[in-house]
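Below: the structure, in structure tokens.
The values are calculated or read from the model by the stated rules, or taken from the named source; none is laboratory data. Since this is a predicted model, take the numbers as computed values, not measurements. Reconstructed Cβ throughout: ideal geometry from the backbone, glycine too, with neighbour counts over all protein chains shown.
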Amino acid sequence: MRLDGIHHVTCITGDAPANVDFYTGRLGLRLVKKSVNQDDPTVYHLFYADEKGSAGSDLTFFEYPNARRGRAGAGMVHRIIFRVGSDEAVDFWEERLAAETVPTQRADTGLRFEDPEGLAYEIRAVETDDEPLIADQPQIPREHALQGFDGVRAYAEPEQSRRFLEETLAFEPKGDDTWEVRGDKRGSWYAYDIPPGDPGVPGAGTVHHVAWASSPEEHEAWQKQVASAGAHPTPVIDRFYFKSIYFREPSGVLFEIATVGPGFTVDEPLETLGERLSLPPDYEHLREKVEPLLTPLPNPRELVQN
């Protein structure tokens, strides 16, 4: 069995309206699902992705209004890396983010920046045969658009997780601190950096978990394989848009294995994804109670036209 790279990355925000403005208006992603945290339906779960809501491009946020800003530490993902198709695209993003007063920093590997709450990113030019996962945004030429995830970096010591990553999850080592995660359809990578001295603080601007993509047919087998390695996964949980299992890898990073499908069009047409509050059937009876508790959001279509 092989996982098809990153399925999604889930983070925390304390300000959903500003979050929508940044990720749709600045980064050009599409808000493909406006739903609730199924473990706490009083708060948003927002999903940004390419035009189709594809696994591999899906960046999601739980909103806890006015949450204090967090800080990445040991056992936490601290940087998310997006792909673009060329060095010219990296130059485009440097200019675009500067025009939006978003500070950037050139690194050997690409362009680094943070969102308004301090969540760290990098944009890299990557040559790959993977399908480019692109959202349509009139301000961003398609040849320069973000193409999905390339990888994530976590704070941890590699050796404590090496055996689990390689033997249980079939991650392929690509050096002392980096592993490739590649299946039949696409791939990405997972890497470690030396943890900072200060402990991590969960909160706004931090990563909650990273999910890896599985075929529906292999999902239960992955649950059993992780359990046999002693990682104590949850049972398979039906999230309606995909099925999930959760566990912590030995360094403490929260992992999810999520199925590719059925996807976000199970309850909305592709053309209008993310325009209304979508509640899975088991949560629909809560709509009248939940909607008044959620923060009013700007219309993403209006944001990208301004």
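Among the residues of the stretch 14-57, write down those that are of a type in the set (S, T, N, Q) and either out of contact with any strand residue (DSSP E or B) (no Cβ under 7 Å at 6 or more places or on another chain) or under 24 Å from E284 (Cα atoms) (or both). Spell out how you get there, then give the answer.
Taking the stretch 14-57 first, the residues of a type in the set (S, T, N, Q) are 19, 24, 35, 37-38, 42, 54, 57.
Correct list: S35, N37, Q38, T42, S54.
Does Y23 satisfy the condition of being at pLDDT 95 or above, assigned to a strand (DSSP E or B) and either within 15 Å of the chain's Cα centre (by Cα) or among the small types (G, A, S) (or both)? Give the steps one after another, and end with the answer.
Values: at pLDDT 95 or above: yes; assigned to a strand (DSSP E or B): no; either within 15 Å of the chain's Cα centre (by Cα) or among the small types (G, A, S) (or both): yes.
So Y23 fails the test.
Can you tell me which residue among P269, P235, P298 is farther than 20 Å from T10 by Cβ, touching a helix residue (DSSP H, G or I) at 6+ places or on another chain (Cβ under 9 Å) and not charged (D, E, K, R)? Steps first, answer last, please.
Details: P269 fails: touching a helix residue (DSSP H, G or I) at 6+ places or on another chain (Cβ under 9 Å); P235 fails: farther than 20 Å from T10 by Cβ.
Every option except P298 fails the conditions.
Against the condition of a type in the set (A, V, I, L, M) and under 19 Å from the mean Cα position of the chain (by Cα), how does A231 come out, does it pass? Spell out the reasoning first.
On the way: of a type in the set (A, V, I, L, M): yes; under 19 Å from the mean Cα position of the chain (by Cα): no.
In short, no.
Output the number of the condition that P296 fails; it satisfies all remaining conditions of (1) assigned to a helix (DSSP H, G or I); (2) loosely packed, with under 13 Cβ neighbours inside 10 Å; (3) at pLDDT below 95.
Every condition holds for P296 apart from (1).
Let me spell it out: the conditions are (1) under 18 Å from Y246 (Cα atoms); (2) over 20 Å from the mean Cα position of the chain (by Cα), and G175 meets all of them except one. Which number is the exception?
Against the list (1) under 18 Å from Y246 (Cα atoms); (2) over 20 Å from the mean Cα position of the chain (by Cα), G175 comes up short only on (1).
Can we say P216 is in contact (Cβ under 8 Å) with a residue 40 or more places away in the chain and touching a Pro at 6+ places or on another chain (Cβ under 9 Å)? Write out each step before concluding.
Numbers: in contact (Cβ under 8 Å) with a residue 40 or more places away in the chain: yes; touching a Pro at 6+ places or on another chain (Cβ under 9 Å): yes.
Yes.
Please determine, by comparing only the residues of the stretch 103-142 that are part of a strand (DSSP E or B), β-branched (V, I, T) and in contact with a strand residue (DSSP E or B) (Cβ under 8 Å, 6 or more places away or on another chain), which one is surrounded by the most Cβ atoms within 10 Å (Cβ to Cβ). Quick ask: steps written out before the conclusion?
Kept after step one, since they are part of a strand (DSSP E or B), are these residues of the stretch 103-142: 104-106, 111-114, 120-125, 137, 140.
Now drop any that are not β-branched (V, I, T), which leaves 104, 123, 140.
Those left that are additionally in contact with a strand residue (DSSP E or B) (Cβ under 8 Å, 6 or more places away or on another chain): 104, 123.
Working: T104: 18, I123: 25.
Of everything passing the filter in the stretch 103-142, I123 is surrounded by the most Cβ atoms within 10 Å (Cβ to Cβ).
Could you tell me whether A213 is buried (at least 18 other Cβ atoms within 10 Å of the Cβ) and under 27 Å from Q38 (Cα atoms)?
The answer is yes for A213.
Would you check if F240 is aromatic (F, W, Y), surrounded by 14 or more Cβ atoms within 10 Å (Cβ to Cβ) and more than 19 Å from T42 (Cα to Cα)? Talk me through it step by step, then tell me what you get.
Values: aromatic (F, W, Y): yes; surrounded by 14 or more Cβ atoms within 10 Å (Cβ to Cβ): yes; more than 19 Å from T42 (Cα to Cα): no.
The answer is no for F240.
Could you please give the count of residues in the stretch 82-102 that are out of contact with any helix residue (DSSP H, G or I) (no Cβ under 8 Å at 6 or more places or on another chain) and not in a helix (DSSP H, G or I)?
Residues that pass the stated criteria total 3.
(1) within 27 Å of V266 (Cα to Cα); (2) in contact (Cβ under 8 Å) with a residue 24 or more places away in the chain; (3) aliphatic (A, V, I, L, M): which one isn't true of A229, the others all being true?
Of (1) within 27 Å of V266 (Cα to Cα); (2) in contact (Cβ under 8 Å) with a residue 24 or more places away in the chain; (3) aliphatic (A, V, I, L, M), only one is false for A229: (1).
What's the total number of residues in the stretch 77-103 that are under 15 Å from F22 (Cα atoms) and either touching an Asp or Glu at 6+ places or on another chain (Cβ under 6 Å) or without any contact (Cβ under 8 Å) to a residue 12 or more places away in the chain (or both)? Can you show your working first?
First, pick out the residues of the stretch 77-103 that are under 15 Å from F22 (Cα atoms): 93, 96-103.
Retained after the next criterion (residues that are either touching an Asp or Glu at 6+ places or on another chain (Cβ under 6 Å) or without any contact (Cβ under 8 Å) to a residue 12 or more places away in the chain (or both)): 98-99, 101, 103.
Here the count works out to 4.
Inside the stretch 278-296, can you point out the residues that are more than 20 Å from the chain's Cα centre (by Cα) and under 18 Å from Y23 (Cβ atoms)?
Passing the criteria: L294, T295, P296.
When residues of the stretch 224-278 are filtered for being of a type in the set (K, R) and at pLDDT below 95, how many remain? Steps first, please.
Start the filter on the stretch 224-278 by keeping residues that are of a type in the set (K, R), which leaves 224, 239, 243, 248, 276.
From the residues that got through so far, the ones that are at pLDDT below 95 too are 276.
Total satisfying the criteria: 1.
Just to be sure I understand the filter: pairs with C-beta atoms under 7 Å, separated by 6 or more residues or on different chains, first member in the stretch 150-173 and of a type in the set (G, A, S), second member surrounded by fewer than 16 Cβ atoms within 10 Å (Cβ to Cβ). Which pairs pass?
A170/M1
I'm trying to understand the selection: among the residues of the stretch 143-157, which are modelled with pLDDT of 95 or more and not in a helix (DSSP H, G or I)? Break it down stepwise before answering.
The first filter runs over the stretch 143-157 and keeps only residues modelled with pLDDT of 95 or more, leaving 143-156.
Across the stretch 143-157, the qualifying residues are A145, L146, Q147, G148, F149, D150, G151, V152, R153, A154, Y155, A156.
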